[in-house]
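J.: After the structure tokens below, expect a handful of questions from me.
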Amino acid sequence: MENSLKIFICVAGCLVSVFGYPNGLISDSCDSMLPTHGGNTPQSSVAPYNITVSNTKFVPGDIITVTLQSNSVSTPFKGFLLEARSVGGNRITGTFATTDGKAQTLTCSGRANTAVSHISNNLKTSITASWTAPQGEGPVRFRATVLSSYSTFWTGVESDIIVALQISNTTCGSQKFCFTNPSNCNPNDNNCQFMSAVPSSSGYVFEMSGSTSGYVAIGFSDDQIMGNDDVYICTRSSSGNIIVQRAYTTGKVAPTITNTSTAGYIITNYTSGVLQCSFVTQSSISTVQRSSAISTYYVFLVSGPSVTDGQIQKHTQTSISSSKVDLSSYMSSGIQSGRSPLVLGHGALMLIAWMTTGSIGMIMARYMKSAAGKPFFGKAAWFQAHFFLMVLTVILTIIAFIMVFVEVAGWSGDTGAHPILGCIVMILSFLQPIAALFRPDPKSKRRFIFNWGHTINALVIKILAVATIFLGLILVDSSTTQWLAKVMGGFIAWEILFYIILQTNVQLKSKDIYEVPDEKIPVETVILVIFISGNVAFLIALLVGIGNS
């Protein structure tokens with residue numbers, strides 16, 4: 001009796017658990033894709049099964065037929081688990097619908113219809129399901145675990161990669177690394193530079209997009225200066241052909257195209273002036289030994305024109321990440337286009353110097369002589385205020401100049417005319433107080449030469465400083481409307497208005513049209529207070545904008 005009971009239990013166990021869950025309700029296995037019964041390990045041999053798809057490209061909402069089948073009628077299977085996984089991020093993605101009576105959908109991670117499994121442990125040689133592509137997904141690969149018996153199964157049965165025809169920023173920061181300029185811009189807009197990256201089993205999945213008829217490229221560097229960088233280039237020839245190339249730069253010359261395998265699963269598009277490429281690399285980023293043991297890089301994103309045969313020319317747009325990025329360990333933290341604290345500090349000090357201290361100091365010398373009150377420390381109060389403010393302006397300019405050179409670690413012309421004008425402003429600002437130390441006596445016949453020279457130099461500095469600030473704000477402004485430059489334009493209009501008001505006041509007083517009684521506050525003082533209040537308001541707005549860039 002006892003032996004009969006043991007035999008019954010054994011046979012019943014085998015019948016019930018030929019596949020531990022003969023009804024296929026195996027949501028607990030969604031993440032690992034491993035059977036939860038027994039302690040068996042996957043087979044190490046090549047799986048006798050494969051996955052085929054009806055299309056290797058998709059846009060959101062497309063329905064793709066997925067077939068899991070045996071390579072031979074002699075190797076049927078009893079159970080399986082089929083999922084769609086993002087390439088690189090390895091996330092379960094999209095939704096399934098079953099098309100035959102041999103499969104059912106499962107709920108994984110709280111989302112319905114995100115996997116497919118068997119209904120029974122009957123032998124089968126193929127199953128078919130329909131997969132609907134989600135919004136904002138990049139390359140996808142279908143993956144399955146297939147069981148031929150309770151203890152014999154294969155994992156990692158995979159399809160070819162299917163790629164998205166549409167680049168999206170939907171999952172930036174949560175599912176893939178993104179670098180954009182302006183911040184959070186849509187890669188399908190014609191004012192957006194965009195790249196994304198996520199590690200894959202062989203290399204990386206890259207997407208790049210830019211408003212250009214020539215090329216868009218991404219580079220990976222040990223520093224923020226171009227040269228000795230690994231580059232991927234998406235370029236369009238005059239005939240309309242689009243190719244992806246791998247290259248290496250050795251300086252500010254055309255990059256050297258390498259013979260190394262560039263990429264696979266390449267998708268290209270050129271619509272309404274926006275050039276796009278997405279691809280999966282077949283190897284690591286670096287083609288040479290890097291100085292860093294960790295695969296961290298500054299990311300460059302550039303675009304520019306190309307000639308007839310697709311040969312690229314000097315880039316016209318450049319964005320550089322504010323810090324190094326470790327793409328190999330990227331999980332869910334994103335990065336947007338921006339600048340380092342030293343660069344932002346440089347911009348803030350230049351704004352303070354030439355919007356506030358410099359502007360007020362110039363007005364004090366030009367219009368406040370008659371309203372400055374009693375002498376202060378042996379000198380007229382207006383002169384003391386002018387001297388202090390202009391020296392402070394020069395000091396702030398020097399500090400800002402040093403900050404940006406420390407950050408860049410040398411000279412870089414990749415930011416256009418901004419650094420050139422900045423250097424001119426620095427030199428002229430440094431000469432202005434030195435020349436003032438050697439000014440002639442007020443009664444000297446040559447005093448007018450100094451006065452004119454001092455005034456003209458100050459005017460040139462002011463004009464160049466404003467132009468430099470405009471260019472700098474355009475560089476750091478990450479908004480789609482470039483509102484920082486517009487605020488700066490408002491400040492210039494504000495300043496010109498008050499120069500007109502103060503000059504008109506001087507003309508009226510010179511013609512004795514009105515006279516301010518001694519006990520009254522001078523008109524110039526009231527105007528100056530209003531002017532300073534407006535300046536501070538504009539300054540705060542711009543400083544907040546720089547801080548958020």
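All of the numbers you see were taken from the coordinates with simple rules; none came from a lab. If you're wondering where the values come from, they're calculated on a predicted model, not measured in any experiment. Cβ: placed from backbone, ideal geometry, glycine included. Neighbour counts: every protein chain shown.
J.: How about region 181-252: which trypsin sites (Lys or Arg not before Pro) there are in a DSSP loop, with at most 16 other Cβ atoms within 10 Å of their Cβ?
T.: Lys252
J.: Pairs Lys486/Lys511; Lys379/Lys443; Lys324/Lys486; Lys57/Lys78; Lys176/Lys324; Lys369/Lys462: which are spaced more than 27 Å apart, C-alpha to C-alpha?
T.: Beyond 27 Å: Lys486/Lys511; Lys324/Lys486; Lys57/Lys78.
J.: Right, something else. Can you tell me the relative contact order of region 82-133? Whole percent, Cα pairs under 8 Å, sequence separation 6 or more.
T.: Averaging sequence separation for qualifying contacts and normalising by length gives 38 percent for region 82-133.
J.: Report the local net charge at Pro76: Lys and Arg +1, Asp and Glu -1, summed over other residues whose C-beta lies under 13 Å from its C-beta. Show your work: numbers first, answer last.
T.: Working: positive: Lys78, Lys102, Lys124; negative: none.
Overall, the nearby charge balance is +3.
J.: How large is the dipole of region 177-329 about the Cα centre if only Lys and Arg carry +1 and Asp and Glu carry -1, each at its Cβ, rounded to the nearest 20 debye?
T.: 160
J.: Pulled fully out, how much extra length does the chain show between Cys423 and Arg366, if you take 0.36 nm times their separation in residues and subtract their Cα-Cα distance? List each step's numbers first, then the result.
T.: Values: separation 57, 0.36 × 57 = 20.52 nm, distance 2.61 nm.
Full-extension gain reported as 17.9 nm.
J.: So how much slack lies between Ser109 and Asn190, counting 0.36 nm per residue of separation and subtracting their Cα-Cα distance, in nm?
T.: Between Ser109 and Asn190, full extension yields 25.4 nm more.
J.: If you take the square roots of the eigenvalues of the alpha-carbon gyration tensor of region 177-329 and sort them as a ≥ b ≥ c, do you get rounded (a/c under 1.5), prolate (a/b over b/c) or oblate?
T.: rounded
J.: While we're here: Sort out for me the Cα centre separation of region 108-160 from region 194-246, rounded to whole Å.
T.: For region 108-160 versus region 194-246, the Cα centre distance is 33 Å.
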